[in-house]
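Notes to accompany the following structure.
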Amino acid sequence: MPYIAGVTTATPPHVLEQSDAKRFAEQLFGGEIKHLLPVFDNALIERRHFATEIEWFFKQHDFTEANNRYIETALLLAEECVSKLAEKCGISTEEFDAIFFVTTTGLSTPSIDARLFNRIALNKHIKRIPIWGLGCAAGVAGIARASEYVKAFPKHRAVVVSVELCSLAFQLNERSKSNIIAAALFADGAAACMIAGDEVPKSTQNYSQPSILGSLSTIYPDTLDVMGWKITSDGFKIVLSKDIPSIVTSLVSENIEELLASHSISIGDIANYVAHPGGAKVMEGYETALSLLNGELKNSYNVLREYGNMSSATVFFILDRVLQQTKDGTGHYGLASALGPGFSSELVLLKWD
């Protein structure tokens, strides 16, 4: 089976404490949002990383300016992650056979993976698969699609690169509840993950390299307005429905059970969870739906607290911790999960051999 050979992560340099973010919002919007300020305290976030300094957000920026900042920063973070990943896995960057680049927070044609080709040494015949628009679900989806690729080419190495700069979508003149929640929740980050075919020898590492047993993608009907962007002349305007936690509680367990049943295992067999922390209420939805009562989502909560919701990149920060914590583990299962625009679910089933 394909396996996860390694993960690296990176964040932009500007760090904002959540208490300062709350003061920033109050200063920026005044008494108009006083009733919404508790969302900063209830988000279970302590700090976040942003692509630019806080002063940048006090001025109006058109879409062109914000998107140029996205391209510049995304390229730097992608270069850092891919270079670190090759070194971590003991190969050269030219040994990647395919690159899956996932993002939903900026636009670039040529895509960032093509621009990356001119920054680091990559195979000139590398297969490029840019994926845009899956939002928070794209990290898990990228792992799934890359694993399917290396099943077809078992001697190949695929790299999944995620860069999300959510902060650059902030709308200065937007007083909606969704915009304030986004300002309290979302952050910036990047990651790279190598998915190897089963004919690629495993190198000795100080972290685990679980196999990828399978995946399940699900899209729910009539849910287009649950999550996403409205593309405006000013840029990306957030769409967030209050129904997301209830959707998690009511639907996700059914999808998980379907995936597990196809491999003749049950939810009780899952030892490691790599669950994207969409927010505190989403985490509570997972715990309720799956009857998780013993801290199974601790890594998700910890990453949320330390970094915020970095959209598709977040799941790799969690995965990195799980791989380090399970370096001596064998014979147990793990589940990576995330939700995104569509409204859709992405699941990947893992096994520690």
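The values are calculated or read from the model by the stated rules, or taken from the named source; none is laboratory data. Fair warning: this is a prediction, and the values are worked out from it, not measured in the lab. Don't worry about glycine lacking a Cβ; one is built from the backbone with ideal geometry, like all the others, and counts go over all protein chains shown. Remember, those area values only see protein heavy atoms, side chains included, never the ligands or the DNA or RNA. Shrake-Rupley method; radii C 1.70, N 1.55, O 1.52, S 1.80 Å.
Overview of values
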quantity	calculated
For the chain, diffusion coefficient by Stokes-Einstein and Kirkwood Rh (Cα), 20 °C, 1.002 mPa s, µm²/s	106 µm²/s
With all protein chains modelled, accessible area of Thr73 [1.4 Å, Å²]	20 Å²
Whole-Å semi-axes of the ellipsoid equivalent to the range 54-132 (Cα gyration tensor, √5λ, descending)	28, 14, 9
Over the range 103-233, relative contact order from alpha-carbon pairs under 8 Å, at least 6 apart, %	27 percent
Kirkwood-type radius of the range 217-332, with distances r between different C-alpha atoms, in Å	15.9 Å
Eligible lysines near Lys177 by straight Cα distance, threshold 17 Å, same-chain separation 8 or greater	Lys22, Lys34, Lys230, Lys237, Lys242, Lys281
Max mean-square fluctuation residue, GNM over the chain, Cα-Cα springs under 10 Å, options Lys84, Lys202, Lys59	Lys59
Given charges at Cβ of Lys, Arg, Asp, Glu: the chain dipole, positive-most of Thr330, Leu85, Ile247	Leu85
Between the range 214-264 and the range 156-207, the alpha-carbon center distance in angstrom	17 Å
Solvent-accessible area of Arg305 with every protein chain in place, 1.4 Å probe, in Å² to the nearest 10	70 Å²
Near-label residues of the range 86-101 by backbone N, under 12 Å of a point 7 Å along Cα→Cβ of Lys127	97-100
Over the chain, relative contact order from alpha-carbon pairs under 8 Å, at least 6 apart, %	26 percent
Computed [θ] at 222 nm, helices only, for the chain once each DSSP H run of length n ≥ 4 contributes -39500 (n - 2.57)	-10500 deg cm²/dmol
Gain in span if fully extended, His35 to Thr64, counting 0.36 nm per residue against the direct Cα distance	7.2 nm
For the range 135-207, size of Cβ-based charge dipole, Lys and Arg +1, Asp and Glu -1, in debye	80 debye
log₁₀ of I(q)/I(0) at q = 0.13 Å⁻¹ - the range 147-263, Debye sum with one point per alpha carbon	-0.82
Cross-link pairs Lys151/Lys202; Lys127/Lys351; Lys84/Lys351 - those with Cα-Cα distance over 20 Å	Lys127/Lys351; Lys84/Lys351
Over the range 189-348, relative contact order from alpha-carbon pairs under 8 Å, at least 6 apart, %	38 percent
Accessible carbon and sulfur surface of the range 128-237 relative to its total accessible area, %, 1.4 Å	54 percent
The range 1-30 versus the range 277-353: alpha-carbon centroid distance in Å	17 Å
Hz values of 3J(HN,Hα) by residue in the range 86-103 - Karplus curve (6.51, -1.76, 1.60), Gly and Pro given as x	4, 5, 5, 8, x, 10, 8, 5, 6, 8, 6, 8, 8, 10, 9, 9, 10, 6
Heavy-atom accessible area per residue - the chain, 1.4 Å, Å²	41 Å²
Listed residues Gly139, Gly189, Gly214, most fluctuating in the chain (Gaussian network, C-alpha, under 10 Å)	Gly214
Efficiency of FRET from Cβ geometry, Lys327 and Glu94, R₀ 30 Å, rounded to 0.05	0.60
Local electrostatic count at Asn123 - Lys and Arg +1, Asp and Glu -1, tallied over other residues with Cβ under 15 Å	+2
Paramagnetic label zone (point 7 Å from Cα along Cα-to-C-beta, Ile231; backbone N under 15 Å) in the range 42-63	63
Rg over Rh [alpha-carbon atoms, Kirkwood Rh] for the range 1-66	1.14
Amide H contacts of Leu297 (H built 1.01 Å from N, under 5 Å, at least 5 apart or other chain)	none
